[in-house]
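**Q** One structure, as structure tokens, below. Some questions next.
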Amino acid sequence: MHELGITQGIIDRAREAAQANGALRVTDLFVTMTPAADFTQDSIEMYFEMLAGEDEFFRGATLHFDHQPVAATCLTCSDEFSTDAPQPACPQCRCWCNSTRRRRWSSSPM
Ligand SMILES: [Zn+2]
């Protein structure tokens, strides 16, 4: 049920933003997914249909998913690289330590 809370959060934030801009309803929602996200697109879509179907404000709205690469830092050799894999291997030392620290590209200069 983890994704249900996430989906509800997406809807709440979208409603807030839409109402702040005087919108009467939402027709399209853009969700940015990163490989670090611990939920799947399918379950978000499923819960969104469930929640939006009962919600006048979101009924018939379309979800759009955008997949962004993330910046990762290898904790073994400190190499920084970008990846769109959920569990990236370090391109430098080839370690698969699965303990890379990830952050969004948008928070760092390209
Ligand atoms: Zn490494």
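Nothing in this text is a laboratory measurement; each read-out follows from the coordinates by a stated rule. None of these values were measured; they are calculated from a predicted model. With ideal geometry, Cβ positions are generated from the backbone for all residues, glycine too; neighbour counts draw on all protein chains shown.
**Q** Rounded to the nearest 0.05, what FRET efficiency is calculated for LEU75 and ARG13 with R0 set to 25 Å and r the Cβ-Cβ distance?
**A** Details: r = 32 Å, r/R0 = 1.27.
Computed FRET efficiency for LEU75 and ARG13: 0.20.
**Q** Per residue of the range 57-63, in order, report the coupling 6.51 cos²θ - 1.76 cosθ + 1.60 (Karplus, θ = phi - 60°) as ³J(HN,Hα) in whole Hz, putting x for Gly and Pro.
**A** Whole-Hz 3J(HN,Hα) from phi for the range 57-63: 5, 10, 4, x, 6, 9, 8.
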